[in-house]
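The structure under discussion appears below in the form of structure tokens.
Any read-out appearing in this document is the output of simple, stated calculations on the displayed coordinates, not a laboratory observation. Nothing here was measured: the structure is a model prediction, and the numbers come from that model. In this analysis, Cβ positions are derived from the backbone assuming ideal geometry, glycine residues included, and neighbour counts consider all displayed protein chains.
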Amino acid sequence: MLSRGDAVVYKCRGLYTVEDIGTLDFPSVDSKKQYYTLQSVEDERDRAYVPTDDDTNIRQPVSREEAMELIGRIEDIETLQIKNEKFREQEYKNCIADFCPENWVKVLKTTYKRIKSRGSITSLDRKYQMLLEHALYSEFSFALGVPAGSVPQFIEDHKGTRN
């Protein structure tokens with residue numbers, strides 16, 4: 001069970017804190033059901049309400065050690081092998097469905113590789129690249145204690161290093 005003030009990652013939307021735990025006073029929700037009220041760390045207007053009995057969309061952020069270990073393995077993480085362009089978005093969605101940072105890296109590496117080989121970016125690749133960069137940088141910023149804007153350079157400086 002989470003407590004007020006705990007940091008969590010919500011889906012692929014980035015870092016949130018548990019602002020409140022309790023029932024909601026909304027007409028369309030069960031007034032007896034308990035919810036986590038999640039507040040985005042980066043956007044004061046962004047709140048999410050997650051039932052306390054359904055933790056499939058939230059998880060604890062990675063630790064500093066887990067972030068460093070993942071950064072150290074980035075170059076070894078494979079890109080997706082998408083055989084049919086019609087199913088590219090579904091492949092991306094399937095890969096990130098468990099909200100696992102390693103899978104976010106896999107999709108990001110795939111979009112970067114496609115941009116490099118094509119010389120341009122598709123709107124679909126841009127959508128997932130922006131979503132996952134935000135989610136990954138937000139979480140790594142928290143785990144590593146560096147500003148989110150510094151995370152890309154931090155990754156570049158530390159990828160391939162084994163701790």
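Quick notes on this one:
- Segments 27-34, 76-83 sorted - mean Cβ within 10 Å per residue, highest first: 76-83, 27-34
- Over 27 Å (Cα to Cα) - which of LYS116/LYS159; LYS11/LYS32; LYS33/LYS106 fall in this group: LYS33/LYS106
- Cα-based convex hull, the stretch 7-59, per residue volume (Å³, whole number): 80
- Gap separating the Cα centres of the stretch 71-94 and the stretch 136-163, nearest whole Å: 21
- Among the listed values (i) 16.6; (ii) 16.1; (iii) 17.1, the one matching Kirkwood radius over Cα pairs in Å as calculated from this structure is (iii).
- Projecting the Cα positions of VAL50, THR23, MET68 onto the charge dipole of the stretch 1-117 (unit charges on Cβ atoms of Lys, Arg, Asp and Glu, taken about the Cα centre) puts MET68 furthest along the positive direction.
- Rounded to 10°, Cα long-axis angle of helix 101-118 versus longest principal axis of the chain: 40
- For the chain, the longest principal axis of the alpha carbon atoms and the long axis of helix 64-73 meet at an angle near 30°.
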